[in-house]
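What follows is a short report on a single structure.
The values are calculated or read from the model by the stated rules, or taken from the named source; none is laboratory data. Just so it is clear, the model here is predicted, and its values are computed rather than measured. Note that each Cβ is placed from the backbone with ideal geometry, even for glycine, and that neighbours are counted across all protein chains shown.
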Amino acid sequence: MRVIANPKHAEHAAPGEWESGAVIPCYEAQGRLDAIRAALDAAGGFTFEEPPKLSEDCLTGVHHAAYVAYLREASAEAKRARDPAAKQLWPTVFPYGPNPRATGTRALRGLYCFDTYTPILPGTFAAALGGASAAARAADLVGEGAERAVYVLTRPPGHHAEPDRCGGYCYFNSAAVAAERLSKRGPVAVLDLDVHHGNGTQHIFYSRADVLTVSVHGDPAALYPFFSGFADETGTGAGLGANLNVPLPPGTGVKEYRPALARALDAVRAFKPAFLVFAFGADAHESDPIGGFKLSTKFYAEMGATVRELALPAVVVQEGGYNLDTVGACVAEVLKELQG
Ligand SMILES: [Zn+2]
């Protein structure tokens, strides 16, 4: 399987994340990508390449131009800063009131971000654009019929990134970039099997009939991102009926996950898409430090085989998965079975 790797991922490495009054080590670490790469190398059958160019063009239709410009400028501002503290842009105040106005840099940090896990660093823009560009390249290869399945090896992840906000370690929504690109050629289904709800992807396509978004995840009553991912969110306008959320309780294991996955795949089949974008996170694994689900490594092979039964040309985009000892094996199992 061809793997398109984000050449700039290492430029973004958060020094920590802000949780309940303390800075803790960031789960979204550089080593995640290295661990996955090592597992795929060991498994064999994967070839690695980089996207031929990094371009903001692929963000059109996915992210607002003002947000893209903000992320570009904020990263440059962090790069220029001499004071080490000013090299990390963290939001502290978020929009409130009926007509929030953001004119200064501190307001913009809160305007364009929705949590305290997602700082902007000198290399953030480049790393995020590297992932989006890798996803665009993968979508072109699959859309043109050059490949049946292509894997996008990237971090930071993307599925929490909203049209105009970063959050949940995500800055640009790479899976949405792939889906938007493929949607020019035919209807697309996005299947999100990260343990967290793919809020950004849902909202980017929420009013569109040509892109189905399906997400199986931890119930937002208990798990990040808390404000969306509920079962009664089904789309709006022309997109009504083109969004399916399957929330599951904390502690979900294989026995409960299997029928939820079957339901998600039934929805994909019923939509009759021409292409699949598989937003894959390994953080539903039993060893993940933040997921809270109990899927086994063995089940990830079953997951890959089950998705293969859809028989759709597919772009697989890496999302979460935070146990460095197991994330690689989960990815390798899914991809080996997916390509058959
Ligand atoms: Zn996740």
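Within segment 272-298, the set of residues being touching a Gly at 6+ places or on another chain (Cβ under 9 Å) and away from the ligand (no atom under 14 Å from the Cβ) comprises 273, 274, 275, 286, 294, 296. Screening residue 315 on (1) of a type in the set (A, V, I, L, M); (2) surrounded by 24 or more Cβ atoms within 10 Å (Cβ to Cβ); (3) within 16 Å of the ligand (Cβ to nearest atom) shows it passes everything except condition (3).
When residue 183 is tested against (1) in contact with a helix residue (DSSP H, G or I) (Cβ under 8 Å, 6 or more places away or on another chain); (2) surrounded by fewer than 24 Cβ atoms within 10 Å (Cβ to Cβ), just one condition goes unmet, and that condition is (1).
Yes/no per residue for (1) touching a Lys or Arg at 6+ places or on another chain (Cβ under 7 Å); (2) loosely packed, with under 14 Cβ neighbours inside 10 Å; (3) under 16 Å from residue 12 (Cα atoms); (4) not basic (Lys, Arg):
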position: 79; (1), (2), (3), (4): no, no, yes, no
position: 82; (1), (2), (3), (4): no, yes, no, no
position: 86; (1), (2), (3), (4): no, yes, yes, yes
position: 91; (1), (2), (3), (4): yes, no, no, yes
position: 97; (1), (2), (3), (4): no, yes, no, yes
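Name the one entry in 213, 234, 201 that is hydroxyl-bearing (Ser, Thr, Tyr), part of a strand (DSSP E or B) and either away from the ligand (no atom under 16 Å from the Cβ) or under 19 Å from residue 161 (Cα atoms) (or both). Among 213, 234, 201, only 213 is hydroxyl-bearing (Ser, Thr, Tyr), part of a strand (DSSP E or B) and either away from the ligand (no atom under 16 Å from the Cβ) or under 19 Å from residue 161 (Cα atoms) (or both). When 178, 146 are checked against the criterion of being farther than 23 Å from residue 291 by Cβ, assigned to a helix (DSSP H, G or I) and either at pLDDT 95 or above or not hydroxyl-bearing (Ser, Thr, Tyr) (or both), 178 stands alone in meeting it. One residue stands out among those in segment 290-332 that are of a type in the set (D, E, K, R) and either touching a Ser or Thr at 6+ places or on another chain (Cβ under 6 Å) or part of a loop (DSSP other than H, G, I, E, B) (or both): the one that is farthest from residue 139 (Cα to Cα), which is 325.
Please state which of the following conditions residue 146 fails to meet, knowing it meets all the rest: (1) within 16 Å of the ligand (Cβ to nearest atom); (2) without any contact (Cβ under 8 Å) to a residue 12 or more places away in the chain. Of the numbered conditions (1) within 16 Å of the ligand (Cβ to nearest atom); (2) without any contact (Cβ under 8 Å) to a residue 12 or more places away in the chain, the odd one out for residue 146 is (1). Could you please find all residues in segment 144-168 being among the acidic types (Asp, Glu) and either in contact with an Asp or Glu (Cβ under 8 Å, 6 or more places away or on another chain) or buried (at least 24 other Cβ atoms within 10 Å of the Cβ) (or both)? The one that is among the acidic types (Asp, Glu) and either in contact with an Asp or Glu (Cβ under 8 Å, 6 or more places away or on another chain) or buried (at least 24 other Cβ atoms within 10 Å of the Cβ) (or both): 162.
The single condition among (1) over 19 Å from residue 157 (Cβ atoms); (2) surrounded by fewer than 24 Cβ atoms within 10 Å (Cβ to Cβ); (3) of a type outside the set (Phe, Trp, Tyr) that residue 243 does not meet is (2).
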